[in-house]
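The values are calculated or read from the model by the stated rules, or taken from the named source; none is laboratory data. Bear in mind that the values here come from a model prediction, so they are computed numbers and not experimental data. Glycine gets a Cβ as well: all are built from the backbone with ideal geometry, and neighbour counts include every protein chain shown. Each accessible area value is taken on the protein alone, full model and side chains, heavy atoms only, with ligands, DNA and RNA left out. Shrake-Rupley method; radii C 1.70, N 1.55, O 1.52, S 1.80 Å.
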Amino acid sequence: MLTLTVLGLAACSAGPFAEGNDVSAIKEDLVKLQGANGLVRMPESAGQERGDLYTTALYSDDLGPSLLTAGDARKVVDDDLGKQDTADLLTLWSALKVLKATGGELPGILEKKLADAAIPPTQQDVGAEIAALWFWIDLGRMRDWSGGHRSAPEREVVSRLKSVDIASIKEKPYLLWRLFDSFAALKVQGPEELEAALKSVDIKKLPSDYESTLDFQAALETRIKFDRDLLVPNDAKGHIVRILESGQVDDDALIDSMLRSLELLDARAERQRIVKENVVSRLDEGNGLIRSSALDNGSVHGTYLAARLLDTEFPEVAGEQTRIQLVRAIEDPRADVITQLKALVALKRSGSDSWRNYSAVVQRGRVGVAGKVTQANLGEYIELIDVLAQLDPDVKLARLEPFGADPAAEEPLSKALLALTNSMYFSNSAEVRSMFPAVQAKLPELIRGPGSNGLNYFRALTAMTSAGLSGLGSDDFDAAAEELRKLKGCKEFPSLCRLEPDPDSQCSLSLSAAMIAVPGAYNLGDNK
């Protein structure tokens, strides 16, 4: 998939879109691309997503053998793991959980990977540390600490669990519960203060976001475990059912948590009905697994692209639901800083002043900016600085260290084009525009057409305006723009660009947004 960072969107402005009459058509297409959650979908992702092991594992206790036969489950796991040189902990957990729920025998490849499953490395964030250890421990619990996984709990795991500062998570019931459950699975006595903290857990609010959903479940778990007289609001069941039926939750882990809460509230009939209506309908008939609930919804990245594409016109597309989802993404503790910053940029461009309330996110981005840029960290630096600069124009830029770039070698060529496109994001920008003379000399050839490497063709186009040594003139720019107009127009979205001249080629929001970096690429109102 083409991405903004690869293509160099940083060099563009939204000027061409403000001049034409086609802006209304672009807005119409982006409205059509809005998902059920108000965010914008990526048309280039359509039809590529399939049912996956993790999503299926989350619901396997509800669906069990009715989802997959034991033989089919074994085949799916065997095929999935066979495509991977190494399998991460979450994949192993998902595969084993699906097989346990369906009664399928473990294929040899899973047996081997389970035997080789290392204890996860120490995580700096306490929540990530507890989660990583819990998944590793749950693998052993599902196998009853037998077979190829582990013969007994490891001292290192117990030591790391005991090193968690209970006071630091006292206000986070879900982390307390997962830590307690980890000790229980290992059949090891946890710290006394852990049980005391759990017994004091209260329901502070009904599920409404990531933390409150998981904390609500944790409070109910403690009520059952310790036979507590916990005060549960009378409308808790109805509240959860309404949220699940609204379709606003697009995170399967949260849906699973809410379903577990319904079970703990003795609302099993509602739980089964919602599973049938919300989950079974997402069955991928090709592989028998469940598709992620997020597929019918837009993404932060797609919304960010739309905001960059429309610029000042974006508020006419971004409604209240869009802004609510962007705020949720910004406040999601699981989100990486790039996702948070993209959501913040989109929120700013939506016309909402609330983006100013998230200076901590901007500061988190500043901390991540590299002090020096080399060929090795160039991509990561550009991805961060490109979005950060839209929120903090005074962000400190780093220097790009010169590196050799053979235009005949794909990766060095791509890196050089990326640097040229984003020359304004380096403290030595003038020097960067004079770097890579051999690559710049090849630009006239690269922009003639996709050739054997279409991706470098688009990279070259977006590098044109920053390549002073290329010898390109106005005729070259006009010819490039004429070629790009051949990519204009898709069946569903006539104002956007497609990946290839073939009219049946897939539409691309990434390409559409990136191509406004190329002078003359858009002649709005002219859809050739």
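Taking residues in segment 259-276 that are within 21 Å of residue 248 (Cα to Cα), and partners anywhere that are open to solvent by 80 Å² or more (accessible area, probe 1.4 Å) and part of a helix (DSSP H, G or I), the pairs with Cβ atoms closer than 8 Å and at least 6 places apart or on different chains are 262/237; 262/268; 267/237; 270/237; 274/245. Restricting segment 237-248 to residues that are surrounded by fewer than 19 Cβ atoms within 10 Å (Cβ to Cβ) and in contact (Cβ under 8 Å) with a residue 24 or more places away in the chain, the residue that is farthest from residue 324 (Cα to Cα) is 237. From the list 246, 257, the lone residue that is within 28 Å of the chain's Cα centre (by Cα), within 20 Å of residue 174 (Cα to Cα) and not hydrophobic (A, V, I, L, M, F, W, C) is 257.
The set of residues in segment 384-405 being open to solvent by 50 Å² or more (accessible area, probe 1.4 Å) and at pLDDT below 90 consists of 404 alone. Annotation: of all residues in segment 65-77 being open to solvent by 60 Å² or more (accessible area, probe 1.4 Å) and in a helix (DSSP H, G or I), the one that is modelled with the lowest pLDDT is 65.
Here residue 477 clears all of (1) under 28 Å from the mean Cα position of the chain (by Cα); (2) outside any loop (DSSP other than H, G, I, E, B); (3) modelled with pLDDT under 80 except the condition numbered (1).
Taken together, the criteria exclude residue 443 from residues that are hydrophobic (A, V, I, L, M, F, W, C), within 26 Å of residue 406 (Cβ to Cβ), open to solvent by 60 Å² or more (accessible area, probe 1.4 Å) and at pLDDT 80 or above.
Listed here are the residues, each with its yes/no results for (1) more than 30 Å from residue 347 (Cα to Cα); (2) open to solvent by less than 50 Å² (accessible area, probe 1.4 Å); (3) in contact with a His (Cβ under 6 Å, 6 or more places away or on another chain).
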residue	(1), (2), (3)
276	yes, no, no
286	yes, no, no
298	no, yes, no
307	no, yes, no
312	no, no, no
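Let's see how each residue does on (1) of a type in the set (A, V, I, L, M, F, W, C); (2) in contact with a helix residue (DSSP H, G or I) (Cβ under 9 Å, 6 or more places away or on another chain); (3) open to solvent by 20 Å² or more (accessible area, probe 1.4 Å); (4) assigned to a helix (DSSP H, G or I):
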{"position": "340", "(1), (2), (3), (4)": "no, yes, no, yes"}
{"position": "346", "(1), (2), (3), (4)": "yes, yes, no, yes"}
{"position": "381", "(1), (2), (3), (4)": "no, yes, no, yes"}
{"position": "407", "(1), (2), (3), (4)": "no, yes, yes, no"}
{"position": "416", "(1), (2), (3), (4)": "yes, yes, no, yes"}
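Inclusion of residue 213 among residues that are among the β-branched types (Val, Ile, Thr), modelled with pLDDT of 90 or more, more than 25 Å from the chain's Cα centre (by Cα) and closer than 30 Å to residue 180 by Cα is not warranted. Can you give me the number of residues within segment 496-511 that are touching a Ser or Thr at 6+ places or on another chain (Cβ under 8 Å) and at pLDDT 80 or above? Of the residues in segment 496-511, 4 are touching a Ser or Thr at 6+ places or on another chain (Cβ under 8 Å) and at pLDDT 80 or above. Among the conditions (1) surrounded by fewer than 18 Cβ atoms within 10 Å (Cβ to Cβ); (2) under 20 Å from residue 53 (Cβ atoms), the only one that residue 95 does not satisfy is (1). Identify, by number, the condition in (1) in contact (Cβ under 8 Å) with a residue 60 or more places away in the chain; (2) open to solvent by 10 Å² or more (accessible area, probe 1.4 Å) that residue 89 doesn't meet. Every listed condition holds for residue 89 apart from (1).
Cβ separations smaller than 6 Å between residues 6+ apart or across chains give the following pairs from segment 194-220 residues that are farther than 23 Å from residue 238 by Cβ and assigned to a helix (DSSP H, G or I) to residues that are open to solvent by 20 Å² or more (accessible area, probe 1.4 Å) and not β-branched (Val, Ile, Thr): 194/180; 197/170; 198/180; 199/226.
Residues that are farther than 20 Å from residue 388 by Cβ, in contact (Cβ under 8 Å) with a residue 12 or more places away in the chain and in contact with an Asp or Glu (Cβ under 8 Å, 6 or more places away or on another chain): does segment 343-350 have at least one? No: segment 343-350 contains no residue that is farther than 20 Å from residue 388 by Cβ, in contact (Cβ under 8 Å) with a residue 12 or more places away in the chain and in contact with an Asp or Glu (Cβ under 8 Å, 6 or more places away or on another chain). Under the condition of being open to solvent by 80 Å² or more (accessible area, probe 1.4 Å) and within 26 Å of residue 411 (Cα to Cα), which residue from segment 348-379 is nearest to the chain's Cα centre (by Cα)? In this case the residue turns out to be 376. Would you check if residue 141 is of a type in the set (D, E, K, R) and either at pLDDT below 90 or farther than 20 Å from residue 187 by Cβ (or both)? When the stated conditions are applied, residue 141 does not pass them. Considering (1) at pLDDT below 80; (2) within 27 Å of residue 40 (Cβ to Cβ); (3) open to solvent by 60 Å² or more (accessible area, probe 1.4 Å), the lone condition that residue 424 does not fulfil carries the number (1). Among the residues making up segment 164-207, a single one is loosely packed, with under 12 Cβ neighbours inside 10 Å, under 31 Å from the mean Cα position of the chain (by Cα) and polar (S, T, N, Q): 168. Whenever a residue of segment 362-391 is at negative phi, its partners that are buried (at least 19 other Cβ atoms within 10 Å of the Cβ) and in a loop (DSSP other than H, G, I, E, B), lying with C-beta atoms within less than 6 angstrom and at least six residues away or across chains, give the pairs 362/391; 382/422.
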